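One structure below.
The values are calculated or read from the model by the stated rules, or taken from the named source; none is laboratory data. For clarity, every value in this text was computed on a predicted model and none was experimentally measured. Here the Cβ positions follow ideal geometry from the backbone for every residue, glycine too, while neighbour counts run over all protein chains shown. Areas reflect the complete protein model, heavy atoms only, side chains present, ligands, DNA and RNA absent. Shrake-Rupley method; radii C 1.70, N 1.55, O 1.52, S 1.80 Å.
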Amino acid sequence: MAATYPIEAAIAADLEALGTERMQQGWHPSLPLLRALLDWEQGGRVFVLREGTLNPASATPQAPVATTSAIAAGPVGVVGNVIVRDDYRRRGLGRAIMDAAVEWMRERGVRSVLLDATPAGRPLYRGMGFVGVERSFYAWGLLRTLDRSALRHIAAGHTVHHVPSRDLPRVAALDEQAFGGDRLPLVAGLLREPGAALYIAEDSDDLPTGFLVARPVEVPREGLRVGPWIARDAATAAALLECALGASEPWRDELPATHEDDWRIALNLPESSADSLRLLRAIGMHVEEDDLIMRLDLTAPEPFVGASHGSPVAPAPVAAHPEWVYAWIAPMVF
């Protein structure tokens, strides 16, 4: 029988330690995202297993030794940032904290759970019933070298506005079609961060056709993080990005002007939108294969097995238009 552990919900006092653990994995601390997860009481959760529960003599009993984050957005759940501290590995803690996250999502009505899996994590996820569905990509470029003329050419004729965060509900239906569930409370949390901005594209009837959230990368600040970025076509996506890159946009005020030549733009995206990959390459961004998107269907019999050849079968996506996604919110969390 697998060991059981007292896994808890993280609190604001844990953010600094969680950010440190993320940096030790080679990631950004992503404190704005973690803070937004904690603020979304109904749909966001960061799980932690504390050192004191495993080692009562620890001098740092509150320190997290295992953690993961999760969202439950209607039928869609997402797991991200699965970390087990080096000195506590090979004890089944990764499986324990993943089981807690999946059970929490199941209790909230999630039907399909997504995650972005590194090679090291895939055996664990496959053992839980996750199957690979598509590759993920990391895209980046120096802001000063982007081909803005190509971006403007692709975007010709589309109307985009930088709007206040209170306009976010206007894109609720659009986002749900691309994502599959209501995650706007999480996006609203990101927009509360200094320098974060919301851009909405509209058609001739003033109906939203796309939106983009731009925010500065937290310390060490390197530039601009894009996501979510949802658009029905490449021209709309290009118009959104062109507006977000304007000379007076608020994210610029949060970056060190002395390092402007080194400012980057970065985003993560799935391969399901071929248009997004073509657009990013057309404006001179580097597009690199990253990890593997995996999915667990909580409503299907286990395991997922093909009738004819016994191979795993990926469940169908919940979102009506996953190809509209040009960027997720952040690495490992859509």
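Descriptive notes on the structure:
- Cα gyration tensor category, rounded, prolate or oblate, for the range 129-246 with a/c compared to 1.5: rounded
- Remark: accessible surface ordering of 265, 11 (largest first) is 11, 265, probe radius 1.4 Å.
- Sum of -39500 (n - 2.57) over DSSP H runs of 4+, divided by residues of the chain (222 nm, nearest 500): -7500 deg cm²/dmol
- Net charge in the neighbourhood of residue 51 (other residues with Cβ under 10 Å of its Cβ; Lys, Arg +1, Asp, Glu -1) is +1.
- Computed about its Cα centre, the charge dipole of the range 160-267 is approximately 280 debye, with only Lys, Arg, Asp and Glu carrying charge at their Cβ.
- For the residues 264, 232, 278, a GNM of the chain with alpha-carbon springs under 10 Å puts the largest fluctuation on 278.
- Exposure of residue 259 as accessible area (Å², to 10), given a probe of 1.4 Å and all protein chains: 100
- Per residue value of the accessible surface for the chain (all protein chains in place, 1.4 Å probe), Å²: 44
- The antiparallel fraction among DSSP beta bridges confined to the chain stands at about 90%.
- Net length gained if the chain between residue 172 and residue 12 were fully extended (0.36 nm per residue, minus Cα distance): 54.8 nm
- Cβ-Cβ FRET estimate between residue 149 and residue 55, R0 fixed at 45 Å, reported to 0.05: 0.15
- Exposure check, 1.4 Å probe, all protein chains in place: residue 20 carries approximately 60 Å² of accessible surface.
- Percent accessible area from carbon and sulfur atoms, the range 1-41, protein chains only, probe 1.4 Å: 55
- Listed residues 69, 149, 204 arranged by accessible area, highest first, probe 1.4 Å: 204, 149, 69
- Shape analysis of the range 146-197 yields a ratio of the Cα radius of gyration to the Kirkwood radius, Rg/Rh, of 1.06.
- Highest-MSF residue in the chain out of 131, 213, 163 [GNM, Cα springs under 10 Å]: 163
- Extension gain for residue 264 to residue 122 (0.36 nm times residue separation, less C-alpha to C-alpha distance): 48.1 nm.
- Interchain or long-range residues, amide H under 5 Å from residue 158's placed H: none
- Percentage, to the nearest whole number, of Cα pairs in the chain over 39 Å apart: 13
- Fraction of accessible area attributable to carbon and sulfur, the range 93-171 (%, probe 1.4 Å): 49
- FRET efficiency estimate (nearest 0.05) - Cβ-Cβ, residue 134 to residue 39, R0 35 angstrom: 0.70
- Whether the range 79-139 is rounded, prolate or oblate, judged on the alpha carbon gyration tensor where a/c under 1.5 counts as rounded: oblate
- Selected from 15, 62, 97, residue furthest toward positive end of dipole (the range 8-120; charges at beta carbon): 97
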